[in-house]
Amino acid sequence: MEPIVKTIAPNINDDFLKHITSKVMDGQRIQPNEAVYLYEKADLALLSQLANITSGRINGDYVLFNKNFHIEPTNLCVFNCKFCSYHKGAGDPESWVYNLDDIKKIALNYQNSDVTEVHIVGGVHPKWDLDYYGKMIKTVKEILPNIHVKAFSAIELDYVIRKSKLSYAEGLRKLKEYGLDSIPGGGAEIFDPAVRAKICPDKASGETWLAIHKAAHQNGIQSNATMLYGHIESYKHRVQHMEAIRNLQDETHGFNCFIPLKFRSANNPMGYLGEVNLTEDLRNFAVSRIFMDNIKHLKAYWPMLGIQNTRLAIHFGADDIDGTIDDTTKIYSMAGAEEQKPVMTVNRLTQLVREAGKIPAERDSLYNIIKVYS
Ligand code: V47
C-alpha cells in the first residue's frame with residue numbers, strides 16, 4: 001500500500017514566501033522581517049502546515065497538560081494597566097487580600113489530591129514585601145511538600161525585590177530558599193516602550209522583565225514567557241517582542257514555554273478596542289511556533305482562549321494546553337472569557353487532545369512527561 005503523504009510542498013506564487021517556506025521546511029531559523037512577512041502574507045493553510053512541521057520536529061505528536069491550581073493572593077494593585085479587568089481599589093467590595101491563614105486553607109484543599117503545581121500570581125499589593133512572598137511559598141510547601149511552586153510575575157518580583165534593596169539575583173535566591181521553583185511568564189505584555197506607555201504606563205519596562213528572567217535563569221530558576229496580543233500592537237511589535245525573548249533564550253536556555261495571551265475586552269478601559277478574531281489567534285500561534293525555534297513548548301492557555309479554540313490551536317503549533325485549573329483563577333473570567341468557572345478533568349483534557357489527533361501526555365512543571373495516555 002502507498003504511504004499517505006503527510007507533507008505536501010505548498011504551491012506558492014510569491015518568491016519571498018517560497019524562500020521562507022523552504023527555510024521552515026528545512027528547519028532553519030527565520031529572521032524578524034520574515035516573521036512579519038508570514039503575518040502579513042501567508043494564508044492560514046500554509047501557516048498551519050509550517051507550524052505543524054515545526055511542532056512535530058520539536059515535540060512529535062505529544063500534546064501536554066498538567067494537574068495544577070492557582071492562588072491569586074490579592075487583586076489590589078499599585079499599577080493601572082489599561083487591559084486589566086481584575087485590578088480593584090482598596091475598599092472595593094470586589095477586592096480581596098489573602099493572609100497566610102487564607103493561603104493555608106487553599107493549600108489544605110489539595111492535601112489529598114494529585115496536583116503537581118501551584119501557580120501563584122496576583123496584583124502588586126502596596127504593603128507586601130519579599131518576606132511575605134517567601135512566607136506564602138513556605139506556607140504552601142508546609143502543607144504540600146512535593147508541589148512545584150511557580151510563582152510571581154516579573155512585575156511583582158521587581159516591586160518586592162527593589163523594596164528589599166537587594167539585587168534581582170539576591171532577591172530570587174532568597175525566594176528560592178523559601179521554596180520558589182520557577183517563574184510564570186506574566187507581565188511581559190508587549191515590550192515596545194511606546195505601546196507600553198499606552199497600555200500599562202506605570203509598570204516595569206520590558207528591559208526589567210527581561211533582566212529578572214535572565215537573573216532567574218542564571219540562578220537555576222526556569223521560567224515562561226508571554227505576549228499579550230490583539231490590542232494596539234502591530235505585527236512588527238509582536239516580532240520585536242518575540243525576538244528579545246528568543247535572543248535571551250539563546251543566551252540562557254531558561255524558558256520552558258512561550259504563551260501568546262489574547263487580549264480579552266470585558267470590564268477594562270481598553271474594551272472599546274474589541275477583540276481580534278479566531279483566524280488572527282491561529283495565525284499568531286503559528287508564527288510564534290515557527291519564529292520561537294529555541295523555546296521547546298508553545299502553550300495554548302485554555303482559560304484565556306476557550307476550549308473549542310484551544311483544540312484548533314493544536315493544529316497551529318501548540319503542544320501544551322496547561323492544566324486542570326480547578327476554578328482557581330479569575331483573571332480571564334473577569335475579562336470576559338468563555339469559561340466563567342475554569343475547570344478541566346484529566347478525562348476532558350485527554351479527550352480534547354485526542355480530538356485534535358494528537359497523543360495526550362501529563363507533564364510536570366519542568367516539562368518532563370509523567371504519563372502518556374496512549
Ligand atoms: O501579564 C491580564 C494577561 C497575564 C488581560 O506562565 C490579560 O504558565 C488578556 O501570565 N486580556 C497574567 N490578557 C497571566 C499569565 C499566565 C497565564 C497562564 C499561564 C502562565 C504561565 C502565565 O495575563 C498578564 C497579562 O498579560 N492579562 N488581563 C486581559 N484583559
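Of all residues in region 205-214, those satisfying the criterion of being of a type in the set (A, V, I, L, M) and either surrounded by fewer than 23 Cβ atoms within 10 Å (Cβ to Cβ) or modelled with pLDDT under 95 (or both) are L210, A211.
Residues in region 64-78 that are open to solvent by less than 30 Å² (accessible area, probe 1.4 Å), more than 18 Å from the chain's Cα centre (by Cα) and within 12 Å of the ligand (Cβ to nearest atom): N75 alone. Taking every residue in region 103-118 that is surrounded by 13 or more Cβ atoms within 10 Å (Cβ to Cβ) and pairing it with any residue that is in a loop (DSSP other than H, G, I, E, B) and of a type in the set (V, I, T), at least 6 positions away or on another chain, the pairs with Cβ-Cβ distances below 6 Å are V118/I147. Which condition number does K135 fail, the rest of (1) under 19 Å from D181 (Cα atoms); (2) not assigned by TED's automatic domain parsing to the domain that holds D320 being met? Here K135 meets the rest and fails (2). Taking region 222-232 as the range and being open to solvent by less than 50 Å² (accessible area, probe 1.4 Å) and either part of a strand (DSSP E or B) or among the polar types (S, T, N, Q) (or both) as the test, the residues that pass are S223, N224, A225, T226, M227, L228, Y229. Every test in (1) under 25 Å from I106 (Cα atoms); (2) open to solvent by 10 Å² or more (accessible area, probe 1.4 Å); (3) not aliphatic (A, V, I, L, M) is passed by P303 save one, and that test is (2).
Can D281 be described as among the charged types (D, E, K, R) and either over 16 Å from the mean Cα position of the chain (by Cα) or on the phi > 0 side of the Ramachandran plot (or both)? Against the criterion (among the charged types (D, E, K, R) and either over 16 Å from the mean Cα position of the chain (by Cα) or on the phi > 0 side of the Ramachandran plot (or both)), D281 does not qualify. Of all residues in region 142-187, those that are within 12 Å of the ligand (Cβ to nearest atom) and in a helix (DSSP H, G or I) total 3.
Applying the criterion of being of a type in the set (S, T, N, Q) and out of contact with any Phe, Trp or Tyr (no Cβ under 7 Å at 6 or more places or on another chain) to the residues of region 241-257, the residue that is surrounded by the most Cβ atoms within 10 Å (Cβ to Cβ) is T252.
For every residue, the table says whether it meets (1) in a loop (DSSP other than H, G, I, E, B); (2) over 21 Å from K262 (Cα atoms); (3) charged (D, E, K, R).
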{"residue": "S85", "(1), (2), (3)": "yes, no, no"}
{"residue": "E94", "(1), (2), (3)": "yes, yes, yes"}
{"residue": "Y110", "(1), (2), (3)": "yes, yes, no"}
{"residue": "V115", "(1), (2), (3)": "yes, yes, no"}
{"residue": "H119", "(1), (2), (3)": "no, no, no"}
{"residue": "G134", "(1), (2), (3)": "no, yes, no"}
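If you take the residues in region 202-244 that are among the hydroxyl-bearing types (S, T, Y) and under 24 Å from N80 (Cα atoms), which one is farthest from the ligand (Cβ to nearest atom)? Residue satisfying both the conditions and the ranking: S234. Determine if region 250-263 includes at least one residue that is within 15 Å of the ligand (Cβ to nearest atom), on the phi > 0 side of the Ramachandran plot, in contact (Cβ under 8 Å) with a residue 24 or more places away in the chain and assigned by TED's automatic domain parsing to the domain that holds Q308. Among the residues of region 250-263, not one is within 15 Å of the ligand (Cβ to nearest atom), on the phi > 0 side of the Ramachandran plot, in contact (Cβ under 8 Å) with a residue 24 or more places away in the chain and assigned by TED's automatic domain parsing to the domain that holds Q308, which makes the answer no.
Within region 360-372, residues that are in the same structural domain as I321 (by TED's automatic domain parsing) have Cβ atoms under 9 Å from residues that are of a type in the set (V, I, T) and at pLDDT below 95 in these pairs: P360/V346; E362/V346, counting only partners at least 6 apart in sequence or on another chain. Taking region 301-327 as the range and being farther than 19 Å from E362 by Cα and within 12 Å of the ligand (Cβ to nearest atom) as the test, the residues that pass are M304, L305.
The values are calculated or read from the model by the stated rules, or taken from the named source; none is laboratory data. For clarity, every value in this text was computed on a predicted model and none was experimentally measured. Methodologically, a virtual Cβ is constructed for each residue, glycine included, from the backbone with ideal geometry; neighbour enumeration extends over all protein chains shown. The accessibility values were calculated without ligands, DNA or RNA, using every heavy atom of the protein model including side chains. Shrake-Rupley method; radii C 1.70, N 1.55, O 1.52, S 1.80 Å.
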